[in-house]
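The values are calculated or read from the model by the stated rules, or taken from the named source; none is laboratory data. Everything numeric here is computed off the predicted structure, so don't read it as measured data. Don't worry about glycine lacking a Cβ; one is built from the backbone with ideal geometry, like all the others, and counts go over all protein chains shown.
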4 protein chains.
Amino acid sequence: MHFRKTLFLISILFVVELAAGQSRKIINVPDILGYQTLKCDFHMHTVFSDGTVWPTIRVEEAWREGLDAISITDHIEYRPHSKDIISGHNRSFEIAEPKAENLNVLLIQAAEITRGMPPGHLNALFIRNANLLDREDVNDALKEAREQGAFILWNHPGWKSQQPDTTLWWEEHSELLKNDLLHGIEVFNSRSYYPEALDWANEKKLTMFCNTDVHGPIGMSFELENSHRPMTLVFAKSRTLGGIKEALFNRRTAVYFDNTLMGEPDFLEPLFFASLEYGDSPLRLKNEETKYVQIKNNSDIDYELEMVQPGIGFDCQESVLLKAHHITTIELNGNSDEVIGMKELNVYYRVKNMFVSSEENLVVTFSFRNY
Amino acid sequence: MHFRKTLFLISILFVVELAAGQSRKIINVPDILGYQTLKCDFHMHTVFSDGTVWPTIRVEEAWREGLDAISITDHIEYRPHSKDIISGHNRSFEIAEPKAENLNVLLIQAAEITRGMPPGHLNALFIRNANLLDREDVNDALKEAREQGAFILWNHPGWKSQQPDTTLWWEEHSELLKNDLLHGIEVFNSRSYYPEALDWANEKKLTMFCNTDVHGPIGMSFELENSHRPMTLVFAKSRTLGGIKEALFNRRTAVYFDNTLMGEPDFLEPLFFASLEYGDSPLRLKNEETKYVQIKNNSDIDYELEMVQPGIGFDCQESVLLKAHHITTIELNGNSDEVIGMKELNVYYRVKNMFVSSEENLVVTFSFRNY
Amino acid sequence: MHFRKTLFLISILFVVELAAGQSRKIINVPDILGYQTLKCDFHMHTVFSDGTVWPTIRVEEAWREGLDAISITDHIEYRPHSKDIISGHNRSFEIAEPKAENLNVLLIQAAEITRGMPPGHLNALFIRNANLLDREDVNDALKEAREQGAFILWNHPGWKSQQPDTTLWWEEHSELLKNDLLHGIEVFNSRSYYPEALDWANEKKLTMFCNTDVHGPIGMSFELENSHRPMTLVFAKSRTLGGIKEALFNRRTAVYFDNTLMGEPDFLEPLFFASLEYGDSPLRLKNEETKYVQIKNNSDIDYELEMVQPGIGFDCQESVLLKAHHITTIELNGNSDEVIGMKELNVYYRVKNMFVSSEENLVVTFSFRNY
Amino acid sequence: MHFRKTLFLISILFVVELAAGQSRKIINVPDILGYQTLKCDFHMHTVFSDGTVWPTIRVEEAWREGLDAISITDHIEYRPHSKDIISGHNRSFEIAEPKAENLNVLLIQAAEITRGMPPGHLNALFIRNANLLDREDVNDALKEAREQGAFILWNHPGWKSQQPDTTLWWEEHSELLKNDLLHGIEVFNSRSYYPEALDWANEKKLTMFCNTDVHGPIGMSFELENSHRPMTLVFAKSRTLGGIKEALFNRRTAVYFDNTLMGEPDFLEPLFFASLEYGDSPLRLKNEETKYVQIKNNSDIDYELEMVQPGIGFDCQESVLLKAHHITTIELNGNSDEVIGMKELNVYYRVKNMFVSSEENLVVTFSFRNY
């Protein structure tokens, strides 16, 4: 029969190009405190909701861009392509999973519960069956997710379409929080930063997220050539689904977009110092002398430093740019005889691109041995 | 009823981002001979065959990358996503068309007739109903396309999966040509150049094509930041579907990939000179003197010149790079008294990145006025 | 004699590479109001004062970077290399001049009169003999310059080494101004912007400057690959020394650094609109309809627009980026029936990267024909 | 006295910007065989011969570009700026030395002995007094250098100005070699590669060099933004002048320009493998199965591999690009039952951008554990 012959011919003609000729970026953000720093994106769409790419593309994009883990979060309630695409809510995960296994990208099953405000849009991560989340009452949907063991986060809390004037925390969110139906919040989504969310995460003990919410091909929304897609850094005990879940429930994350990092000082400070290398031989700085310290920044982050207060007995540059993958010279100028008596020379800098709250930068102290 | 309320909420929540915040590249390749030089791609896929993007993405990509016209050529015979995606062969065109109209990208209805070798894969452009091309016999399919007015081209003639050892022209292709069922050929497809196809196009009077055959997001296959996707240049009387069709049937195209152009000298030579600007005041070069000509290259193409033969009475640089969007200096050194007698100084260069056949570059003559 | 033979051999060995294999950038900033927009840098140093390059390098750098005119302004009073380099104050000009002629870069003879504050450092442009400026009293030096026909500008008025706390206008500067010994001021120098200088230029009718004050190779101080060196735009009647002098004395300049322009609205507004192209066929916008205008930006400047006030009967994007050498879509949405009655649709944008004073941006009005 | 007051004012006005706000690139080429891989340039000029920059610039450029060591090699016999610059042949070294010390760049005292062919131009490295090399007879100059302990190399042996048609080895060079007056040769100079020199270095046991011979600012001659200046890799026991001298006399160098490396296989092979990281858990590949190996390339070099011969019992990609600072997947496809019996899977690749002679690439063998 002719049809079968055609099919056969085709099967040998279309050899799948499994990531051949492609390569994966390396994201240089260091491990800290004994944890692995995993690079993750927990919010994205495919043609199975209102996205415009096939699910395997999400895995390939993640592999190329150097991510460790992703979740595809197609909307339960909004599927504009349903005239052409017929399938249940688990289908995008099923299609993406074999590719994720091949490329060793961790794929977390998930869905976006999509409602008006309150409570807005919420991602349920680590679910087992998305079809069961298709419920009329949003609380029923969230409870079902929770029974499946889900971690639940509030997406783009200050999205202008839902909160046009002020970014408000609603009574309903307090309820969810109380009932263990809300665990995290997006501080950054796509191209928008929500300062209120950063402060709520600190006050209400929510886990911070930074996700792309990408609908089209990632390269159409983000400049990838000389930058990186927004991502949630997860400080995990292991590079496994379980490792990520444990870290999320224990709030060990940070926000990373453009050249900016946000999070708790307990994570940002070790991240800063683990990025850097410099010698520790004593400087032996004297009055009216100058000494140089060469600091190597092994990370992808340009750290922008501004002096908080001068050292005792010496001056230092007001502002320093520790450029990524470069060595930068810090110059110490002795300006009083006091300096000879100092065992350590402490320099206090504000890191202008690291935020611990909506209004505060991380402050770091370099301690250079003097004698 | 709750369901309607949900739908209503959603309809106001999801404001479509119609190309907002996006911008379109300008491809600088000049018009020639009274024709408009249209930038086109006549071969690409979507989720409706074995591609991985939604049809609207092909239009958005084309708009951003500065193309004038595209055709989506989903396979008739190969639809690996048919378990999830149910729809006829015209559906990808229908979905893409409104977006194309909004963005003023010309969209040509088309399909890929997909068979073993011979005759391999063929694109039928300017069809009206792709469903009618779904025929057991390839000749029936091509005849149907032709009856719809199609322009038919042979895709990737040297594709290794079909012609592993040598790129052959088959008896069947001569038949197609004789029967007006073959009008063009891909000289370049995706990342592969087929030198045989360039020579066949010249000998057998086929129209030359350079297409991407893109299956995934365009940015995953091609470096777009500092380069451009492969494209067919069409020299058309007007920027309309009819204008393109007329130009294709009259073989007014050129091949443009990386920094390379291929085509007939009748098109490449005017393209070269229309890219450049330089003064024409007389040089008045004498023996043992040096004069400079500053040449401005307004195109995106770096022209790489190598001298073919020296001028009479003067020397010139052996090799010159006329860098895109830069001014380059050509230096003429008088080396005999003969030079004073020359009305024009002719310099003969081979353009190393312009090909008129698989073995010949375009040769150009600069004539600088001398007196 | 052996020595002569060696010399002879050398003279044929060292063929000078006169800008061969090099190319000149094109700076795309449009001409306006019938003037040529010349790209100029009026402040730079060589080994003949405290710079670190040979004078010819300044000309080559200018040619490559697309400048029309420069002046080398070696310090009269500060020559730290004088142990090794012996020559008068005109020497750097003499050495650079033949190269400038060859490459068609306009070279203005100049010098920097270098004193403590007040009056600080002043450049004298269009002088004829720098040696005569070597005078004990700064007023004598400036008067001598003026007698030679000089245009005099105050350099880096807010330089921290001279004005550490506040950028002050001194009594002495009022004196100079009154005595026709001060005509211009640097609003931008090297990497520093002096907002006070921008306002003084407006109030006191001084000519605005933006200069590099470069001491080392230009590429060590400025990122040239994807950006441009700071420059003064001069709106001149002709591309000649005289044309520049006339324009400077008549205050027809603008400041251009990074992606920022500063100057009088009389120049910035035409510069903005001369950069753009868009059709003027009537939009015929109705209530609840959307129309698109595609705006082509032919300049090197990314214009960053922010809406000042909404149009009558329609909405428009709050913020628009008119990316350099791209086409950007502006979207107009009819929101009341009033729109049908409008002959023109006026959109008011603030150009966030164009400054007319230290506190005000240029405001522009797009008038799109409606019927 | 007024003059002294002026001088005093100036001394506080001109605070030297000692590499402040600047940063140093990191060149990622690994150490091998217990040696440090030092990045060096042994050929460059300043205003003290026919260069166009001040000597300190050579040190700053080297520091920024990540070099470990340089030598300034001003011509003894050719000083075109001597009308303005008066000083002995050691002066450029004296001026550069303090800056080199501050920035921790190793500075080797040197000079270029500059004659017609034969013997052409020769660099004498590690000299102590350049003035003594100013001798009429070239042999006297070289003997003097040798008595000072110099290492001597032949520069640009195929320079067209001296060897216009063929690159010849002259009788005189054999003499120099015999008399211990020639130890190395430039295989690459500025933008030119001399294949004969690579083969001579192998045959005659000369040390290979790759130098810039830079005359102007380095950024005017080489694209530094996304590439690197040409350099000689020196495999040294220590990062000291003595360490370099020992390595040069023992021929432990390699040539590195653009994306190309040249040298002895004893150095290139360890350099290749020290650049890479990949797991060594057994693949357990079976017939008709596919396994992936992810290879991380930590170096700045894109390695371009082409298969030399297929493995036993499996297929592998014909060509692989191991992109710098990326992870690339190699795919192994079992194609016979033989594969189960293999303890190791050996893949043989030619490294197309590593040369061991003018006609041979380095060939490498990947041995992946199978069981």
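Counting residues in region B:65-75 that are within 11 Å of chain A (Cβ to nearest Cβ), over 19 Å from the mean Cα position of the chain (by Cα) and modelled with pLDDT of 95 or more gives one or more.
Pull up region C:76-96, narrow it to residues that are more than 9 Å from chain D (Cβ to nearest Cβ) and in contact with a strand residue (DSSP E or B) (Cβ under 7 Å, 6 or more places away or on another chain), then point me to the one that is nearest to C:Ile185 (Cα to Cα). Among residues in region C:76-96 that are more than 9 Å from chain D (Cβ to nearest Cβ) and in contact with a strand residue (DSSP E or B) (Cβ under 7 Å, 6 or more places away or on another chain), the one nearest to C:Ile185 (Cα to Cα) is C:Ile76. For region D:191-235, which positions are more than 14 Å from chain C (Cβ to nearest Cβ), buried (at least 19 other Cβ atoms within 10 Å of the Cβ) and in a helix (DSSP H, G or I)? Within region D:191-235, D:Ala197, D:Leu198, D:Trp200, D:Ala201 qualify. Among the residues making up region C:113-164, a single one is within 21 Å of C:Gly88 (Cβ to Cβ) and of a type in the set (Ser, Thr, Tyr): C:Thr114.
Of all residues in region A:37-58, none satisfies the criterion of being more than 11 Å from chain B (Cβ to nearest Cβ) and farther than 22 Å from A:Val187 by Cα. Note on region D:161-174: among residues that are at pLDDT below 95 and either under 22 Å from D:Thr232 (Cα atoms) or small (Gly, Ala, Ser) (or both), the one that is surrounded by the most Cβ atoms within 10 Å (Cβ to Cβ) is D:Thr167.
Would you point out the residue of region D:76-90, among those that are farther than 19 Å from C:Thr56 by Cβ and surrounded by fewer than 20 Cβ atoms within 10 Å (Cβ to Cβ), that is modelled with the lowest pLDDT? In this case the residue turns out to be D:Ile86.
Checked against the criteria, D:Val351 counts as surrounded by 16 or more Cβ atoms within 10 Å (Cβ to Cβ) and of a type in the set (A, V, I, L, M). Checked against (1) free of Cβ contacts under 8 Å to residues at least 60 places away in the same chain; (2) crowded, with 16+ Cβ neighbours inside 10 Å; (3) over 17 Å from C:Ser23 (Cβ atoms), B:Ala274 passes all but condition (1). Taking region B:236-262 as the range and being closer than 13 Å to B:Asp68 by Cα, of a type outside the set (S, T, N, Q) and part of a loop (DSSP other than H, G, I, E, B) as the test, only B:Arg239 passes. Here A:Gly120 qualifies as of a type outside the set (Asp, Glu), on the phi > 0 side of the Ramachandran plot and at pLDDT 95 or above. Determine, yes or no, whether B:Asn370 is within 14 Å of chain C (Cβ to nearest Cβ), more than 18 Å from B:Ala274 (Cα to Cα) and either of a type in the set (S, T, N, Q) or within 22 Å of the chain's Cα centre (by Cα) (or both). Spelling it out, it is not the case that B:Asn370 is within 14 Å of chain C (Cβ to nearest Cβ), more than 18 Å from B:Ala274 (Cα to Cα) and either of a type in the set (S, T, N, Q) or within 22 Å of the chain's Cα centre (by Cα) (or both). The set of residues in region C:293-338 being among the β-branched types (Val, Ile, Thr) and farther than 28 Å from C:Ser227 by Cβ consists of C:Val293, C:Val308, C:Ile312.
Residue-level check: of (1) away from chain C (no Cβ under 14 Å); (2) farther than 17 Å from B:Tyr349 by Cα; (3) touching a residue at least 24 places away in the same chain (Cβ under 8 Å), B:Gly242 misses just (3). Scanning region A:33-84 for residues that are part of a loop (DSSP other than H, G, I, E, B) and among the basic types (Lys, Arg), we see that the one that is farthest from A:Glu264 (Cα to Cα) is A:Lys83. Just so you know, in region A:263-298 the residues that are part of a loop (DSSP other than H, G, I, E, B) and within 12 Å of chain D (Cβ to nearest Cβ) include one that is modelled with the lowest pLDDT, and it is A:Gly279.
Among the residues of region B:53-70, is there at least one that is free of Cβ contacts under 8 Å to residues at least 40 places away in the same chain and not basic (Lys, Arg)? Checked region B:53-70: at least one residue is free of Cβ contacts under 8 Å to residues at least 40 places away in the same chain and not basic (Lys, Arg). How many of the residues making up region A:302-324 are closer than 30 Å to D:Asp300 by Cα, assigned to a loop (DSSP other than H, G, I, E, B) and in contact with a Leu (Cβ under 7 Å, 6 or more places away or on another chain)? Adding up the residues that qualify gives 1.
Can A:Ile113 be described as on the phi < 0 side of the Ramachandran plot, more than 13 Å from every other protein chain (Cβ to nearest Cβ), among the hydrophobic types (A, V, I, L, M, F, W, C) and in contact with a strand residue (DSSP E or B) (Cβ under 7 Å, 6 or more places away or on another chain)? So A:Ile113 fails the test. For B:Arg229, are the conditions met, namely being of a type in the set (D, E, K, R), within 13 Å of the chain's Cα centre (by Cα) and within 24 Å of C:His326 (Cα to Cα)? Considered against the rule, which asks whether it is of a type in the set (D, E, K, R), within 13 Å of the chain's Cα centre (by Cα) and within 24 Å of C:His326 (Cα to Cα), B:Arg229 comes out as yes.
Number of residues in region A:130-163 that are of a type in the set (A, V, I, L, M) and within 14 Å of another protein chain (Cβ to nearest Cβ) equals 3.
For region C:330-348, taking the residues that are aliphatic (A, V, I, L, M) and more than 39 Å from the chain's Cα centre (by Cα), the one that is surrounded by the most Cβ atoms within 10 Å (Cβ to Cβ) is identified as C:Val339. Residues of region B:325-353 that are within 30 Å of C:Ser299 (Cβ to Cβ), touching a Ser or Thr at 6+ places or on another chain (Cβ under 6 Å) and within 14 Å of chain C (Cβ to nearest Cβ): B:His326, B:Thr328.
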